[in-house]
Amino acid sequence: MIKEIFRTILFGITFGILHSSCGLQKEVVNRIEKNPKENIELPIDYCNVFPDSSDFKKWDKDYNYYEKFLTRDILKTQVGLSFNNNGIQTWWCVPSARTHVQLDTTTMILNKDLVIGEWRITLNRQITYEDSALYNKNKMYRSAKLEYNNKDDDVYLNITPDKFQLFAKKKGKFKRVVNKNYDIESNRFLMLFGLSRAASAIFFVGLDKENRLILNSYYVQERKIKGTYIVYQATMTQMVFKKMQP
């Protein structure tokens, strides 16, 4: 499942997942075994912020508030597609840093050194959030659907000052599936890249009150008929990691 997740996250990126046979050294495996995998349950809206639920006319204002966090490097990665089908104007982008649902700014990484270290996954799920409004009836609707919550995947993440390395367990052994350069922009965006930052994969990144590392990737779609209705849809792939003890 982890490979499929990263294929989705890196969709349209010029670099893909590194297929590597590299495993982990014995001392690393020993440390992992000393930190048993924990599965946690979190609310479906955990650490996310949503636009105003009382007035859809304020949605654009709420949405635009987060534009200030988008750096030039982040904007270069946001290549969306737009098309019209029978009068329905559709726009989509993946992975997106411009989402109607955002990772709460209270999780922002104020000190990049805090993410350095070894982490083990505790939550791996996908949720689709949808906000819609009917202009003529002055009504809005909000829904959230859990697409999957995979408790079987076991993932080890090692973040050094300059490398992001992710290992997935398969047939009893951890194999490396991602080995990329990284940077954290605006204290809330994780950029994974190879030779070109413009081809980066983008995650929202944060630390919650329990000091767990949150990685969210979003596929977003906007559908609208001018003056009739609008639908904002964000499908979030979320991985939450707990820091390992030495």
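FYI, it's all coordinate maths here, none of it is from the lab. Predicted model only: the values in this text are computed from it and were never measured. Heads up, the Cβs are rebuilt from the backbone with ideal geometry, glycines too, and the neighbour counts pull from every protein chain shown.
Per 10 Å bin, what percent of the C-alpha pairs of region 74-124 does each bin hold, from zero upward?
The distribution over region 74-124 is 17, 30, 33, 13, 7, 0, given as percents.
Considering Cα pairs under 8 angstrom that are at least six residues apart, work out the relative contact order of the chain and quote it in whole percent.
26
Which value, in debye to the nearest 20, gives the size of the charge dipole of region 81-223 about its Cα centre, when Lys and Arg are +1 and Asp and Glu are -1 at the Cβ?
That gives a dipole near 420 debye.
On a C-alpha basis, how far is the centre of region 139-196 from the centre of region 225-244 in Å? Whole number, if you could?
Centre-to-centre (Cα) distance: 16 Å.
Using a Gaussian network model on the chain with a 10 Å cutoff between Cα atoms, which of Ser200, Ser217, Ser54 fluctuates the most?
Highest fluctuation among the options: Ser54.
Which residue, Lys76, Lys226, Lys173, tops the fluctuation ranking in a GNM of the chain built on C-alpha contacts under 10 Å?
Highest fluctuation of the listed residues: Lys226.
Considering the dipole of region 162-215 built from charges on the beta carbon (Lys and Arg +1, Asp and Glu -1) around the Cα centre, which of Leu195, Val177, Phe164 is farthest to its positive end?
Farthest along the dipole direction, towards plus: Val177.
Provide Tyr46, Tyr219 in ascending order of the number of other Cβ atoms located within 10 Å of each residue's Cβ, fewest first.
Ordered from fewest to most neighbouring Cβ atoms within 10 Å, Tyr46, Tyr219 come out as Tyr46, Tyr219.
Name the shape class, rounded, prolate or oblate, that the alpha-carbon gyration tensor gives for region 144-226, where a ≥ b ≥ c are the square roots of its eigenvalues, rounded holds for a/c under 1.5, and otherwise prolate holds if a/b is larger than b/c and oblate otherwise.
Cα axes put region 144-226 in the oblate bin.
Percent of alpha carbon pairs in region 80-211 separated by more than 25 Å?
Pairs farther apart than 25 Å: 41 percent.
Explain nothing, just the number: relative contact order of region 51-162, from Cα pairs under 8 Å at least 6 residues apart, as a whole percent.
22
Is there a quick way to get the dipole size of the chain? I mean about its Cα centre, with the Cβ of Lys and Arg at +1 and of Asp and Glu at -1; what is the value in debye to the nearest 20?
The dipole of the chain has a size of about 520 debye.
I need the Debye-formula profile for region 43-129: one equal scatterer per C-alpha, no solvent, reported as log10 I(q)/I(0) at q = 0.13, 0.22, 0.24, 0.25 1/Å, two decimals.
-0.63, -1.43, -1.46, -1.44
Using the structure shown, select from Lys26/Lys169; Lys76/Lys242; Lys139/Lys224; Lys34/Lys242; Lys137/Lys226; Lys37/Lys163 the pairs with a Cα to Cα distance greater than 25 angstrom.
Checking Cα-Cα distances, Lys76/Lys242 exceed 25 Å.
Give me the compactness ratio for the chain, meaning the Cα radius of gyration over 2.2 N^0.38 Å.
Computed over Cα atoms of the chain, the ratio equals 1.05.
Considering only Phe83, Phe167, Phe193, give the residue with the highest GNM mean-square fluctuation for the chain, with springs between Cα atoms whenever their separation is below 10 Å.
Of the options given, Phe83 has the highest mean-square fluctuation.
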